1. Which whole-number value in Å² is the accessible area per residue of region 114-187, probe 1.4 Å?
2. Quick check: net charge around ARG208, other residues with Cβ under 13 Å of its Cβ, Lys/Arg +1 and Asp/Glu -1?
3. Can you tally the net charge around LEU372? Count Lys and Arg as +1, Asp and Glu as -1, for every other residue whose Cβ sits under 14 Å from the Cβ of LEU372.
4. Using a 1.4 Å probe over the heavy atoms of the protein chains, calculate the carbon and sulfur portion of the accessible area of region 31-162 as a whole percent.
5. Could you list, in their original order, any pairs among LYS385/LYS410; LYS364/LYS446; LYS197/LYS220 whose Cα atoms are separated by more than 23 Å?
6. How many percent of the accessible area of region 269-423 is carbon or sulfur, using a 1.4 Å probe?
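The values are calculated or read from the model by the stated rules, or taken from the named source; none is laboratory data. Keep in mind the model is a prediction, meaning the values are calculated, not measured. We place every Cβ from the backbone using ideal geometry, glycine too, and count neighbours over all the protein chains shown. Accessible surface areas use protein heavy atoms only, side chains included; no ligands, DNA or RNA. Shrake-Rupley method; radii C 1.70, N 1.55, O 1.52, S 1.80 Å.
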Amino acid sequence: MPPKKKGGKKKVSAKGKKSPGLVDGLSTEDMSKDQLEEHIVRLREELDREREERNYFQLERDKIHTFWEITRRQLEDKKSELRNKDREMEEAEERHQVEIKVYKQKVKHLLYEHQSNLSELKAEGSVAMKLAHQDHHTQESLLSKDMRSLRVELKEQELANEMVLKNLKMKQDEERTQQRSDFERQVKEIENKYEKKMRVLRDELDLRRKTEIHEVEERKNGQINTLMKNHEKAFSDIKNYYNDITLNNLALINSLKEQMEDMRKKEDRLEKEAADLQLQNRRLAEPLQKAREEVAELQRQLANYQKDKTSLASTKARLKCTEKELDDLKWEHEVLEQRSQKIQVERDDLYRKFTAAIQEVQQKSGFKNLLLERKLQALGDTLEKQEAQLNEVLAASNLDPTALSTVTRKLEDVLDTKNNAIKDLQYELARVSKAHNDLLRTYEAKMRAFGIPVDELGFKPMECLVPGQAIGQGPAGLVAAST
């Protein structure tokens with residue numbers, strides 16, 4: 001598209017074209033050097049713009065000319081193709097007319113043959129129809145006679161069947177009543193028969209139970225009598241045994257008294273021998289101590305051997321248990337490895353989807369932020385231009401104070417609305433930046449929860465910082481106002 005022109009400058013250029021001697025209400029002779037330089041700059045800008053438009057329109061003209069040439073060549077090609085198609089259609093039409101004439105001749109011959117065959121077939125068909133009509137009349141009369149006879153037979157059979165059905169129903173009712181009475185009688189007989197069997201069986205079982213109880217009581221009494229006899233015999237044996245022991249003890253006491261006297265004599269002798277033995281014992285104390293130490297060491301080794309033997313057996317048992325547990329753990333390890341591989345694949349898919357979503361959100365938020373910044377910048381530029389133009393207009397117009405106050409009031413209202421729009425845009429920019437930062441934080445928290453370090457991303461996510469805007473840590477809808 002061609003470059004757009006601004007309204008103010010376009011009006012000035014139009015005025016200059018209409019009255020080339022006046023610029024902004026002043027003639028070129030009354031203008032100062034600065035005003036002339038500004039006027040020259042404006043004229044150069046308009047000249048550059050007109051040159052750009054001329055170049056643009058020349059390009060458009062060249063494009064249209066090339067398009068026209070291309071379409072003209074295409075039109076000529078299509079016209080030549082159309083002439084060829086017309087020629088082919090004329091040739092095909094001629095061939096078609098020749099074929100139509102040939103087929104008309106063939107159709108005439110076929111119609112003649114058809115008419116001749118049709119007349120022959122009509123004659124044959126009329127003769128055959130007469131014969132068939134006569135046969136049909138004869139067959140119809142025969143069939144009507146047969147139908148009458150069959151109707152009479154059918155009525156007779158229906159009457160006979162009704163009589164047979166009545167007789168069969170009567171017989172069936174009689175047989176049913178007789179069978180019901182027979183079945184009731186048989187049921188009563190069976191009930192009586194099995195009641196008698198039940199009574200006989202109950203009496204037999206009572207008698208068997210009584211006999212078994214009597215036999216059990218007899219066996220119990222016999223066992224009690226044998227136990228009493230055995231107890232009396234054992235009591236008499238124990239009584240005799242203890243009597244023999246007391247007699248033997250008295251004899252033993254007497255013999256022990258005699259032995260005590262002998263022992264005293266032996267004790268005196270042994271004291272003398274003990275003194276001698278103490279001397280020998282002192283001499284043999286050292287080798288005895290060594291022998292005791294060796295015995296203690298051997299006993300300790302024996303105890304350690306037993307402990308080692310028991311610990312070896314327990315270790316073998318624990319080894320079998322641990323081997324079994326190891327097999328179970330290997331199986332669980334394989335299952336967990338398969339599950340971990342599956343979870344890693346799911347994690348990679350989630351990671352890929354999450355990174356794609358993050359990049360898309362970053363692109364969208366960056367593009368939105370850029371649009372909002374450009375919008376703010378454009379609004380600020382337009383506001384500055386409008387303020388400058390307004391100041392120039394107010395300075396040049398020399399209005400009265402009341403009109404000036406109304407104009408300034410309206411201007412302030414317009415400025416307030418523009419400032420509110422700018423604040424809303426700034427708030428929207430801060431909210432979008434806050435949402436972007438919150439998304440980055442949740443993304444990093446999810447990655448830490450899945451055990452993925454942030455450094456493995458391959459890029460560092462950038463947080464959005466809005467100048468002059470305080471962004472808090474709350475939800476994305478709650479953004480602090482600009483201070």
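1. Accessible area per residue, region 114-187: 95 Å².
2. -2
3. +4
4. 58
5. LYS197/LYS220, as the Cα separations exceed 23 Å there.
6. 57
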